[in-house]
Structure formats: structure tokens, C-alpha cells
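What follows draws every value from the coordinates through simple rules; no lab data is involved. Note that this is a predicted model, so its numbers are computed, not measured. Heads up, the Cβs are rebuilt from the backbone with ideal geometry, glycines too, and the neighbour counts pull from every protein chain shown.
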Amino acid sequence: MRSYTFSHAITRKPSASIVAGLRAVDTGTPDLGLMLRHHADYVAALRATGAVVVELDALEAFPDSVFVEDTALCLPEGAVVMRPGAPSRLGEAAEMAPHLRALYGQVVQISGADSFIEGGDILTTETEVLVGSSARTNAAGIAELTRLIAPWGHSVREVFTPPGVLHFKTDCSLLDGETILSTARLAESGCFAGYRVILVAEGEEACANTIRFNDAVIMPAGFPKTRAVLDQAGYKVVEIGNSECAKLDGGMSCLSLRFSPR
Ligand code: CIR
């Protein structure tokens, strides 16, 4: 199974409490109605590729719970339930665990009291699992993940998230087996040596968080220069409105867990 082909995805509807979601800079209150419309478009784009999409109900107690990616790492052999580094998000992982157990034979979890790790910091490629240390993901969390997935044959490489960037994957995405879409500031760190790198256009850094999901590259709307580069490279691009999630530092990867359980 290629690292960008998936039989399943899990999403969660945004809740009215989304207005209290975490953000680095306040650029305005997210509009729930518009976010729900964008979210429905996103789910439809995933389903259009033929995948089964499990849509979970909104969780009012967790304002950021629409960003399900941060709660787990899903690999073909099993799922790892994360320990989010944002205190207000810690409980989201336990809410996700039963849904993963329903679909997977093996579900393990990050459990160390000092271990913190969020799925947004993890990029799985064909050959390795890249984990960016960040304000949300620490060395203990990375070490625990490394131990948990080694028996499944996966190796972890620790990399760095640029300063001021929320998650490693805020700045990069996997486009296919050998190609990464990245901001220049992240690629300059050298972490993608050996991969083909396509850089997002200058000034369009906010579209680096894109996903390859089966035959589609699903990117946030409104980044025409990068879109043209992806079209030119032969990818089938689908644009989804992201204005409301962007107010909370969220993007295309954050909104789903994508996997093919064995
Ligand atoms: C947070 O700060 O945790 C949310 N407002 C955004 C999470 C985005 N998730 C992701 O990049 N994987």
C-alpha cells in the first residue's frame, strides 16, 4: 500500500465552541456556518476518491476537536493514540481511541506523563516517519512513539519545526512516494534530502498544509501560483475553502485521520 493511498478517513464535525479554538494570533472569530460548509466540501472531496469516511459528531467540550489529525498516528499495522501537548486538547485523544479500536486490530497509546506528541508533527513517507519537535511535541513523546512503532517495522527520524510554526506539517505535505510540498523555510533545514521537493510560491506558505489522498491533492483555496505549479506537475488538484480553519492555524491535513487498516 502506498503512503498516499487510503481506504478510510475519520473526520469530526466542528462544534459551536470552535470560536474558543486555540490560535497563535487573533485574526477574527471563525464563522461556524461557513466552516461547516467548508467541512462538508472537504468530506465530499475525500469520499469522491472512493474512501469510506467516518464522520464523528461534534464535541462541544473540545473547541479544537475538528482537528482530528492531532489525536492519532494511523499506520497500516495499527494506530497510536497521541498525547497532545496543548492542555485543552489532551482529552481529545481518549475521545478518538474507541473509534480507532473499531477499525483496527492494534491500537496502542503514548502514555508517559512527560510525553507529548501531536499528529500534526508527523509526516509518514514510503520509507520513514518524520517527526518534528515543536511547542506541542517533545523528545519524550518522540522516543515513546519510536519504541511503539519499531515492532511494526517503522523507523522514526526526528526533525525540527521552524520557529513560530505550529506543527511540522503546517509547512509540508507528502505529494507522492518521493515528492514533498514544502515551504522554503522548512526545506532549507535540509530535512528532505533524498526527496524531490516542490516549494510553495513565495507568499503562499499557508498552502503547504495540503494532503495527497488517493488520486487527489486537496489544497486550501486561494493560492493560485502554487496551484499552477501542482497542475503543471500533473497532480489532480481539488481546492477547499479554509478561511475559517486558518483563523485557528488549521489546514487540510488537520481535518482528518487517513488510513488503510491491514
Ligand atoms: C491548535 O492550535 O491545536 C488548533 N487550533 C489547530 C490544530 C491544527 N492541527 C494540525 O495542524 N494538525
Can you give the extra length, in nm with one decimal, that the chain gains between Gln106 and Ala143 once fully stretched, where that is 0.36 nm per residue apart less the Cα-Cα distance? 11.4 nm
Under the rule of at least 5 residues apart or a separate chain, name every residue whose amide H is placed under 5 Å from the amide H of Ile180. Leu175, Arg196, Val197, Ile198
How large is the helix-only mean residue ellipticity at 222 nm for the chain, computed as the sum of -39500 (n - 2.57) over DSSP H runs with n ≥ 4, divided by its residue count, in deg cm²/dmol to the nearest 500? -6500 deg cm²/dmol
Which lysines, on any chain, are close to Lys225 with Cα under 25 Å apart, when same-chain ones fewer than 8 places away are left out? Lys169, Lys236, Lys247
One would report the antiparallel percent of DSSP beta bridges in the range 8-259, rounded to the nearest 5, as 45
GluC sites (Glu not before Pro) restricted to the range 204-262 and DSSP loop, no more than 11 other C-beta within 10 Å: none
Once phi is turned into ³J(HN,Hα) by the Karplus curve 6.51 cos²θ - 1.76 cosθ + 1.60 with θ = phi - 60°, what whole-Hz value does each residue of the range 55-68 show in order, with x for glycine and proline? 9, 7, 5, 4, 10, 4, 6, 10, x, 9, 5, 5, 8, 4
Could you check the simple spin-label distance between Leu22 and Asp57, using points 7 Å along Cα→Cβ, in nm with one decimal? 2.6
Taking the chain as a Gaussian network, Cα atoms linked when under 10 Å apart, which of Arg23, Arg212, Arg227 shows the biggest mean-square fluctuation? Arg23
Dipole magnitude of the range 8-259 about its Cα centre, charges +1 at Lys/Arg Cβ and -1 at Asp/Glu Cβ only, in debye to the nearest 20? 220
